[in-house]
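Trainee: Please find one structure pasted underneath; my questions will follow.
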Amino acid sequence: DVKVTQSSRYLVKRTGEKVFLECVQDMDHENMFWYRQDPGLGLRLIYFSYDVKMKEKGDIPEGYSVSREKKERFSLILESASTNQTSMYLCASSFSRGVNEQFFGPGTRLTVL
Amino acid sequence: SQKIEQNSEALNIQEGKTATLTCNYTNYSPAYLQWYRQDPGRGPVFLLLIRENEKEKRKERLKVTFDTTLKQSLFHITASQPADSATYLCALSGPSGGYNKLIFGAGTRLAVHP
């Protein structure tokens, strides 16, 4: 069974802290994505990666960075968390560069106090 | 800028009826359109993909249409059941943004009542 896992379901951090969100997929997918989801705004793409050590900015990359050292793992980093980064963070993966479905993890609800 | 609109108000229907959800888009020429289902507290799950040259796609009780002239997709669930209650998201991709990069609508919540 296809699986995308995220390191935490719920996370509470303080303003200014460095935050790591981890995502692992077991499907040997080339592509991995990080989204945030806010009420009324839908899913917005933060960063994505087509291959190991490759990354591309999505629509809202400011305040975030990513790391993909291994094919199965894609990390989202908040260098200095701020309250406006309180959100649901969703990781997804897909097979290759062609058009295909994305498989999502369960999400991490991050609260920044 | 690219914009995708889904009805923000919840759709309430009676069990057994057909649910129809709408996805409209502007300032975009997608080549592909996908529909996802999302349950509370979970990640979206893929349902259907339709290409710009396909008018209609079916999968069991689900049917999707794609009208590039109207810039609209309709998503139908026939013989709806309470278990179909969820939020449904449409997502577009195309040559301008990269085929694998999806732009999502905010979703429409469907509630099917017994």
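Nothing in this text is a laboratory measurement; each read-out follows from the coordinates by a stated rule. Predicted model, so just to flag it, every value in this text is computed and none were measured. Cβ: placed from backbone, ideal geometry, glycine included. Neighbour counts: every protein chain shown.
Trainee: When the Karplus curve 6.51 cos²θ - 1.76 cosθ + 1.60 is applied with θ = phi - 60°, which whole-Hz ³J(HN,Hα) does each residue of the range A:66-78 get, with x for Gly and Pro?
Mentor: Each residue's phi maps through the Karplus curve to give 9, 9, 9, 8, 10, 4, 7, 10, 9, 10, 10, 10, 9 Hz.
Trainee: So how strong a dipole does the range B:3-113 carry about its Cα centre when Lys and Arg Cβ are +1 and Asp and Glu Cβ are -1, to the nearest 20 debye?
Mentor: Numbers: 14 positive and 10 negative charges, 38 e Å.
It works out to roughly 180 debye.
Trainee: Mind checking which of B:CYS23, A:ILE60, B:ASN12 is farthest towards the positive end of the protein assembly as shown's charge dipole, using Cβ charges of +1 (Lys, Arg) and -1 (Asp, Glu) about the Cα centre?
Mentor: The listed residue farthest towards the positive side: A:ILE60.
Trainee: Leaving out same-chain residues fewer than 8 places away, which lysines sit with a Cα under 22 Å from that of B:LYS3?
Mentor: Excluding near neighbours in sequence, the set is A:LYS57, B:LYS55, B:LYS71, B:LYS101.
Trainee: Right, next: Across the range B:42-51, in residue order, what do the Karplus-derived ³J(HN,Hα) couplings come to in whole Hz, using 6.51 cos²θ - 1.76 cosθ + 1.60 with θ = phi - 60° and x for Gly and Pro?
Mentor: 10, x, x, 10, 5, 10, 8, 10, 10, 8
Trainee: Which net charge results when you count Lys and Arg as +1 and Asp and Glu as -1 among the other residues whose beta-carbon is under 12 Å from that of A:LEU11?
Mentor: With Lys, Arg at +1 and Asp, Glu at -1, the net is +2.
Trainee: Give me the one-decimal nm value for the distance between modelled label points at B:ALA111 and A:ASP26, 7 Å along each residue's Cα-to-Cβ direction.
Mentor: According to this spin-label approximation, the distance is 3.7 nm.
Trainee: How large is ³J(HN,Hα), in whole Hz, for each residue of the range B:27-41 in order, when computed from phi with the Karplus curve 6.51 cos²θ - 1.76 cosθ + 1.60 and θ = phi - 60°, using x for Gly and Pro?
Mentor: Using θ = phi - 60°, the values come out as 6, 7, 10, x, 8, 9, 9, 10, 10, 10, 10, 10, 8, x, x Hz.
Trainee: Based on the alpha-carbon gyration tensor of the protein assembly as shown and its eigenvalue square roots a ≥ b ≥ c, which shape applies: rounded if a/c is under 1.5, prolate if not and a/b is larger than b/c, or oblate?
Mentor: Prolate.
Trainee: Something else about it: With charges only on Cβ, +1 for K and R and -1 for D and E, what is the dipole size of the protein assembly as shown about its Cα centre, in debye, rounded to 20?
Mentor: For the protein assembly as shown, the charge dipole is close to 100 debye.
Trainee: Continuing with this model, one more query. Rounded to two decimals, what is the ratio between the C-alpha radius of gyration of the range B:3-113 and 2.2 N^0.38 Å?
Mentor: That works out to 1.01 for the range B:3-113.
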